[in-house]
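Structure first, then comments.
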Amino acid sequence: MVCVVLETVVIPNATPFAYMVAWGEVLVGLGLIIGFLTGIAAFFGALMNMSFLLAGTISSNPVMFMIAVFLILAWKVAGWYGVDRWALPKLGTPWERIRP
């Protein structure tokens, strides 16, 4: 089933998929740098990283995956120094009850 999807959908449309990967990396990076929706950005970064790991690329991906997992687990603390400090209360998350 996976090979059929790759052969019929992904390979013929390699250019749009390449743009989606590149823009996904840029958006995850910006989300983590400015601290906006840190947990969500870390989740999608870990998802892309796991996809690269399962595709056979090794390099620094295991280390980056572990960092992403720690950011996902600590998303409330990770967003304290970023935009999440002000954005999450505006979005209606339970941030106000957790802040000291």
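Only the coordinates and a few stated rules stand behind these numbers; no lab work does. Quick caveat, the model's predicted, so the values are computed rather than measured. Ideal geometry is used to build each Cβ from the backbone, glycine not excepted, and the neighbour counts take in all protein chains shown.
Here are the numbers for the structure shown:
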read-out: Simple label model, 7 Å out from Cα along Cβ direction - I67 to L6, nm; value: 2.8
read-out: Estimated 222 nm signal from helices in the chain, with DSSP H stretches of n ≥ 4 weighted -39500 (n - 2.57), rounded to 500; value: -21500 deg cm²/dmol
read-out: Cut-off under 5 Å, modelled amide H: who pairs with L37 long-range; value: D84
read-out: Cα-based helix-to-principal-axis angle, 61-73 vs the chain, degrees rounded to 10; value: 40
read-out: With Cα atoms, 0 to 90° folded angle of helix 38-55 axis to the chain main axis; value: 20
read-out: Value of Rg to Rh for segment 45-93 (Rh from inverse mean 1/r over Cα pairs, i.e. Kirkwood); value: 1.14
read-out: Ellipsoid semi-axes in whole angstrom, largest first, where each is sqrt(5λ) of the Cα gyration tensor of segment 1-48; value: 27, 12, 5
read-out: Normalised contact order of the chain, rounded percent, pairs of Cα under 8 Å and 6 or more residues apart; value: 26
read-out: Estimated inter-spin distance, S60 and V77, nm [label 7 Å along Cα→Cβ]; value: 2.3
read-out: Distribution of pairwise C-alpha distances over the chain, 5 Å bins, in %; value: 2, 13, 17, 20, 15, 12, 9, 6, 4, 1, 0
read-out: Listed residues F17, G29, W86: farthest to the positive end of the dipole of the chain (Cβ charges); value: W86
